[in-house]
Structure formats: structure tokens, C-alpha cells
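A.B. asks: The structure follows.
The values are calculated or read from the model by the stated rules, or taken from the named source; none is laboratory data. Predicted model, so just to flag it, every value in this text is computed and none were measured. As a convention, Cβ positions derive from the backbone with ideal geometry for all residues, glycine included, and neighbour counts pool all protein chains shown. Protein only, heavy atoms only, side chains kept; ligands, DNA and RNA dropped before computing areas. Shrake-Rupley method; radii C 1.70, N 1.55, O 1.52, S 1.80 Å.
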Amino acid sequence: MIPLPVRYWQIAALLAALLPQYDRLPLWLTAVVLLACVWRLPAVERRVAAPGNGVRVLILIAGLAGVVFSHRTVFGPEGGVSFLILCAALKLLETRDRRDVFVLTVLDLFVLATAFLFSQSLLLTIYVGLALVVIVAALVALQQRDGVSARRTLGRAALLVGQAVPLMLVL
């Protein structure tokens, strides 16, 4: 079972990764992502069970058809990014254990990186750095005990990302 703070960090990380893409996403895909985020909120989850395999498969088939209808293909930057975002939203719906959190975090990193397919501006680069801290905070929260404050989690994540910057610049 995933602790509640980790669930909130997962949702925050997914939304942070998607924010640079919001103006390029079809409206239906934005709705699917928001529905998945709301569905996984612990308050909602206590009242409504997580979707079963059949529901997730139907969402996948409908989403794939929506991507093809919206972009005329699954290949290429727009269609591929939309499909990747659909997969991340579906992974959020099926997240049950630590391994799933790691997989979702890697998907979040890929989604965040796809923002550079469409723009390489300085403002976007700064935003990606900040969103990277939120995504790393989701992983830090997974490794911490319950009761650690969000400020401390963000501080640890920022420290980890800051320590990685010199290596990134060298590479």
C-alpha cells in the first residue's frame, strides 16, 4: 500500500510534468488526466474503488482512438506525446505498490522531457528544472517515513537536483 503523502506527490508530479503541454493537448485528454488525478485522491478513493482491468482497457482503447482521431496518427511528436500522456494517466489509475510509483515517475520524466520537442526557451528550461524538483520529491516521499513535512521533502529533492546539476553540465 502506498502512503497517502506519496499519492499526493504522484499527482503533483504528473500535473507538473503535463503543464508545459496543456495548450497542445486535446480537451478530451486533459479531461482524462484530470479525472485520473481526481479518481486517485485518497478522499475520493475511499468512496469509489480504483477502476478494474476492464475499465482501464476501455479507457485505453477509447484514448487510443481519440489520439488517432485528434492527431491522425500515434506517431510523430503530437500523437506520440498525447499517447505517452494517456499512458501516464492510466498508470496513475493502476498504481498499487512501490514499483508502480517508480514506473509512473519515469513516465513523468519522459513527459516532462517531451516539452523540449516543441520549445527550447529559457523560461521553459527554468520551469522544467522546477518541475523536476517536484518529480524527484515524489520519489523522496516514497523513501521517507510518514509524517515528514512537504517543505522538508521539497528541500531534499531540491538538494538532490542541485547536486546533479554539475554532473549534468559536464555531460
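A.B. asks: Which ones in the stretch 145-167 are surrounded by 13 or more Cβ atoms within 10 Å (Cβ to Cβ) and touching a residue at least 12 places away in the same chain (Cβ under 8 Å)?
C.D. replies: Those that are surrounded by 13 or more Cβ atoms within 10 Å (Cβ to Cβ) and touching a residue at least 12 places away in the same chain (Cβ under 8 Å): 148, 150, 153, 154, 156, 157, 158, 160, 161.
A.B. asks: On the given criteria, is residue 101 hydrophobic (A, V, I, L, M, F, W, C) and in contact with a Leu (Cβ under 6 Å, 6 or more places away or on another chain)?
C.D. replies: On the way: hydrophobic (A, V, I, L, M, F, W, C): yes; in contact with a Leu (Cβ under 6 Å, 6 or more places away or on another chain): yes.
Yes: the conditions hold for residue 101.
Yes or no, residue by residue, for (1) polar (S, T, N, Q); (2) outside any helix (DSSP H, G or I):
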position: 15; (1), (2): no, no
position: 18; (1), (2): no, no
position: 30; (1), (2): yes, no
position: 34; (1), (2): no, no
position: 37; (1), (2): no, no
position: 47; (1), (2): no, yes
position: 63; (1), (2): no, no
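A.B. asks: Checking residue 138 against (1) open to solvent by 40 Å² or more (accessible area, probe 1.4 Å); (2) within 30 Å of residue 23 (Cα to Cα); (3) not β-branched (Val, Ile, Thr), which test does it fail?
C.D. replies: Among (1) open to solvent by 40 Å² or more (accessible area, probe 1.4 Å); (2) within 30 Å of residue 23 (Cα to Cα); (3) not β-branched (Val, Ile, Thr), residue 138 violates only (1).
A.B. asks: Considering the stretch 51-72 alone, what residues qualify as being over 16 Å from residue 27 (Cα atoms), surrounded by 13 or more Cβ atoms within 10 Å (Cβ to Cβ) and more than 18 Å from the chain's Cα centre (by Cα)?
C.D. replies: 51
A.B. asks: Restricting attention to the stretch 125-132, does a residue exist that is of a type in the set (A, V, I, L, M, F, W, C), farther than 18 Å from residue 30 by Cα and surrounded by 21 or more Cβ atoms within 10 Å (Cβ to Cβ)? Don't jump to the end; show me each part of the working.
C.D. replies: Our first condition is that a residue be of a type in the set (A, V, I, L, M, F, W, C); within the stretch 125-132, this holds for 126, 128, 130-132.
Filter once more, keeping what is farther than 18 Å from residue 30 by Cα: 126, 128, 130-132.
When the remaining residues are screened for being surrounded by 21 or more Cβ atoms within 10 Å (Cβ to Cβ), the result is 131-132.
Yes, the stretch 125-132 contains at least one residue that is of a type in the set (A, V, I, L, M, F, W, C), farther than 18 Å from residue 30 by Cα and surrounded by 21 or more Cβ atoms within 10 Å (Cβ to Cβ).
A.B. asks: Identify the residue in the stretch 23-44 that is touching a residue at least 12 places away in the same chain (Cβ under 8 Å) and not hydrophobic (A, V, I, L, M, F, W, C) and, among all such residues, is most open to solvent (accessible area, probe 1.4 Å).
C.D. replies: 24
A.B. asks: Only residues that are assigned to a helix (DSSP H, G or I) and open to solvent by 20 Å² or more (accessible area, probe 1.4 Å): list them for the stretch 73-82, please.
C.D. replies: So in the stretch 73-82, the residues assigned to a helix (DSSP H, G or I) come out as 77-82.
Across the stretch 73-82, the qualifying residues are 77, 78, 80.
A.B. asks: Any chance you could count how many residues in the stretch 12-22 are open to solvent by 50 Å² or more (accessible area, probe 1.4 Å) and either more than 16 Å from residue 92 (Cα to Cα) or touching a residue at least 24 places away in the same chain (Cβ under 8 Å) (or both)? Give the steps one after another, and end with the answer.
C.D. replies: Initial filter on the stretch 12-22 (open to solvent by 50 Å² or more (accessible area, probe 1.4 Å)): 15, 19, 22.
Subset that is either more than 16 Å from residue 92 (Cα to Cα) or touching a residue at least 24 places away in the same chain (Cβ under 8 Å) (or both): 19, 22.
Residues flagged as open to solvent by 50 Å² or more (accessible area, probe 1.4 Å) and either more than 16 Å from residue 92 (Cα to Cα) or touching a residue at least 24 places away in the same chain (Cβ under 8 Å) (or both) within the stretch 12-22 amount to 2.
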